[in-house]
Amino acid sequence: MSTMEPVLTVDGLRTHLFTRWGTTRAVDGVSFTLHRGETLGIVGESGSGKSMLALSLVRLTPEPAARILAGSVVLDGTDLLTLSEKRMRKLRGSAISMILQDPHQSLNPVFTVGNQLAEAVHVHRPELAAAAVRERVLDGLRKVRMPAPERRLRDYPHELSGGMKQRIVGAMAISADPRVLIADEPTTALDVTTQQRYLRLLREIQRETGVAIILITHDFGVVAEACDRVAVMYAGRIVEQGPVREIFDRPRHPYTRALLDSRPRRDVRLDRLPSIEGSPPSLVDPPPGCRFAPRCRLAAERCTAEYPELTAVAPGHETACWRWEEVS
Amino acid sequence: MGRYVLLNVIRGILTLLAISVIVFFLARLTGDPIDVLGPENMAPIDEQALRDKWGLNGSLVEQYFAFLGNAVRGDFGPSFKYPDESATSVIADRIPRSLQLGLAGVLLTVLIGIPLGVLAAARRGSWYDRVAKGIALFGQSVPEFWLAIMLVWVFAVQLGVVRTSGRAGWSSIVLPSIVMAVFGIAALLRLFRSSMLDTLGSEYVKLARLKGLPRSRVVWKHALKPAASGPLTFFATIAVRLLTGATVVEIVFAWPGAGLLAYEAANARDFPVVQALAMITSTAIVVMNLLVDILYAYLDPRVRLGQKVMA
């Protein structure tokens, strides 16, 4: 697994959206560390800020609404947030790259797959001749186990299946040997068997290249299958993080607990799956205390008054809950 | 692809046949041309000579097929107004002049309208975008004849930098081509702005940026090409209108092109010339649409084989 050499260190990241209706604190003080060769899962429901977090890491948040206000994103010793756009652009795809949610929307419908793949290589290695670019493109396609890669180059995206398209996107993402790969719900738009195969493929690529992966998902099943560590996001903040096994066995945050309980399970028969009462808070002017407090069974007076910072409860396991000892 | 082109060609020919029927019978709706154009109390022998000359013998259907047969060979009969010339040769003089003016108009439309629209979308909400929207509103609402007269008044009468009208020297093409282009510029600006906003917000544009491409490359390649097929249809309409002679502009600037000729011929009830112009204009539209269909297939590979399109 990981050798615990940090590749990406995010500290106090804050990205807010400025809209007509007010300021949305989409990412509100997020810190985590990603190590070489590991997969970190970021779990949360829709609107928890996980996609905005991913876009903040590559500095492609929607303009002009979103602004990164504070924090640092240090990749191999360089704080990405302090770079000029020109230098940042050179790192996109080559040092840090990303796979988007829907493969059907991710590829440009009017250019061939070969063209779009070659472009990703050429932009970072302009000195390569056409034949060398082609070789690298084919190499990338082989890495994602694409059958008959030569034949795919002249295909247009509409001629391929969803799973094939997502593999093309994967090939594109790793074509310049990035250190960090962010996958934003990469399997949500795929059917279940294709999902499994894709997650396994990411694992294999990781073993071959040592790339560190951030896997964003709303599905604890995906986490169990593909991640080493997991960070749970709620209302713009990380509320708990730690090794996957540890979190599954001993969740120390009521929200994590509730998420785990609301999964369908094979070994327990239930008439109805439990669900979390209420809905996530508005991220415009959130309350000062714990943001989960209004929905929490354990909420006490302190919880609504003061925000609990992340504290270590076991080696590598942190939670942001005043009453974590009572969560079981 | 060959099949796709062939189908479109056949459709174009059928369209032209339908138009020829309309053109022929519309002209006949005003009655027998002899009654309208021949001298009163004409001797029967003179009338017969005139009928032979203008191809007015036999039933209406026979006349139509005679008209069609001749038209295919480019013969629309002698002009009524200039009896010594054929309608085709009258037009042949004028077409290149209209083409010249129309081409200048089309070039201005494309070279100004598309970049303005692309930049307006790329800098959405900026002062530039607001100015562009103003230009679009002005261009689509200003009447051509008014703009033409205003430009003549300012640049020819007050400043004296160009001639008021006619066709002499390169500078005489400037004002009419600007007037012709204004509407198209405004239309293309708006169409490209809105289709570019769609593509700029797409996931594939986001992915192109994620690959590390410069923003300009993403805008002009990844967003522009898929955005172009929508406005293309409209562009074809504008281009044909400009290339086949813009009547109002040619009248105001006394530009001796096909548009001015159409106006003169209609006034003089010169049916062969009107019919010939109508057929040539229609052919131009059909050919243009064919080109657009082929261009579509180039721009969007999903169009190439109708049956193979997947969602």
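Any read-out appearing in this document is the output of simple, stated calculations on the displayed coordinates, not a laboratory observation. On a predicted model such as this, the values are computed, not experimentally measured, just so you know. Cβ coordinates were reconstructed from backbone atoms using ideal geometry, including for glycine residues, and neighbour counts include every protein chain displayed.
Taking a straight line from the alpha carbon of A:K143, these aspartates and glutamates sit under 15 Å away, with near neighbours fewer than eight places off in the same chain left out: A:E135, A:D177, A:E204, A:E208.
Using the Kirkwood radius over Cα pairs, work out the Stokes-Einstein diffusion coefficient for segment A:183-248 at 10 °C and 1.306 mPa s, in µm²/s as a whole number.
Numbers: Rh = 12.6 Å.
Rounded, D is 126 µm²/s.
About its Cα centre, segment B:91-268 has a charge dipole of approximately 940 debye under the convention of +1 per Lys or Arg Cβ and -1 per Asp or Glu Cβ, with nothing else charged.
Prolate is the label for segment A:1-136. Its Cα gyration tensor axes, ordered a ≥ b ≥ c, give a/c of at least 1.5 and a/b above b/c. Answer rounded, prolate or oblate for chain B, using the Cα gyration tensor with square roots of eigenvalues a ≥ b ≥ c: rounded when a/c is under 1.5, else prolate when a/b is larger than b/c, else oblate. Here chain B falls in the oblate category.
When the convex hull of its Cα atoms is viewed from all sides, the protein assembly as shown shows a mean projected area of 40.1 nm².
Applying the criteria of a DSSP loop state and at most 14 other Cβ atoms within 10 Å to the trypsin sites (Lys or Arg not before Pro) of segment A:216-318 yields A:R265, A:R266, A:R269, A:R272, A:R297. Shown for segment B:91-268 is the translational diffusion coefficient from the Stokes-Einstein equation, using the Kirkwood radius over Cα pairs, a temperature of 25 °C and a viscosity of 0.890 mPa s: 140 µm²/s.
FRET efficiency for B:A254 and B:K81, Cβ-Cβ distance as r, R0 = 22 Å, nearest 0.05? Before the final figure, lay out each step's value.
Numbers: r = 18 Å, r/R0 = 0.82.
With R0 = 22 Å, the Cβ-Cβ based efficiency is 0.75.
Rounded to the nearest 20 debye, the dipole size of chain A about its Cα centre is 580 debye, using +1 on the Cβ of Lys and Arg and -1 on the Cβ of Asp and Glu.
Counting only the Cα atoms, chain A fills a convex hull of 151 Å³ per residue. Spin-label model, B:D129 to B:A266: label points 7 Å out along the Cα-to-beta-carbon direction sit 4.2 nm apart. Taking the Cα centre of segment A:105-177 as origin and assigning +1 to Lys and Arg Cβ atoms and -1 to Asp and Glu Cβ atoms, the resulting dipole is close to 240 debye.
If you take each beta carbon of peptide B:216-229 and count the beta carbons of other chains within 10 angstrom, what is the mean?
Averaged over the peptide's residues, the number is 2.
Label segment A:77-236 by shape, choosing from rounded, prolate and oblate, from the square roots a ≥ b ≥ c of the eigenvalues of the Cα gyration tensor; if a/c is under 1.5 it is rounded, and otherwise prolate applies when a/b is larger than b/c, oblate when it is not. Since a/c reaches 1.5 but b/c is at least a/b, the shape of segment A:77-236 is classed as oblate. Site-free segments of chain A were taken between GluC sites (Glu not before Pro) in DSSP loops having at most 12 other Cβ atoms within 10 Å, sites themselves excluded; the longest one is A:128-276.
Rg and Dmax of segment A:243-300, based on Cα coordinates, read 13.6, 42 Å.
Of all aspartates and glutamates in the structure, the ones whose alpha carbon falls short of 19 Å from that of B:K81, not counting any fewer than 8 places away in one chain, are B:D32, B:D35, B:E40, B:D46, B:E47, B:D52, B:D93, B:E264, B:D270. Positive-end ranking of A:Y234, A:G12, A:N108 along the dipole of chain A, with charges on Cβ about the Cα centre, is headed by A:N108.
Taking 0.36 nm per residue of sequence separation and removing the Cα-Cα distance, the A:S279/A:D261 pair yields an extension gain of 4.8 nm.
Just checking the output field for B:295-303: average partner chain Cβ neighbours within 10 Å of each residue's Cβ? Before the final figure, lay out the partial values.
On the way: counts 0, 0, 0, 1, 1, 4, 9, 6, 0.
Taking the mean over all residues of the peptide, I get 2.
Could you calculate the contour length gain from B:R3 to B:Q158, that is, 0.36 nm times the residue separation minus the distance between their Cα atoms, to one decimal place in nm? Don't skip to the answer; put the middle values down first.
Values: separation 155, 0.36 × 155 = 55.80 nm, distance 5.76 nm.
Result: 50.0 nm gained on full extension.
Applying the criteria of a DSSP loop state and at most 12 other Cβ atoms within 10 Å to the trypsin sites (Lys or Arg not before Pro) of segment A:142-202 yields A:R154. Note on A:K90 and B:F65: the model spin-label points, each 7 Å out from Cα along the C-beta direction, lie 7.7 nm apart. The modelled label-to-label distance between B:V72 and A:E309, using points 7 Å beyond Cα along the C-beta direction, is 9.1 nm.
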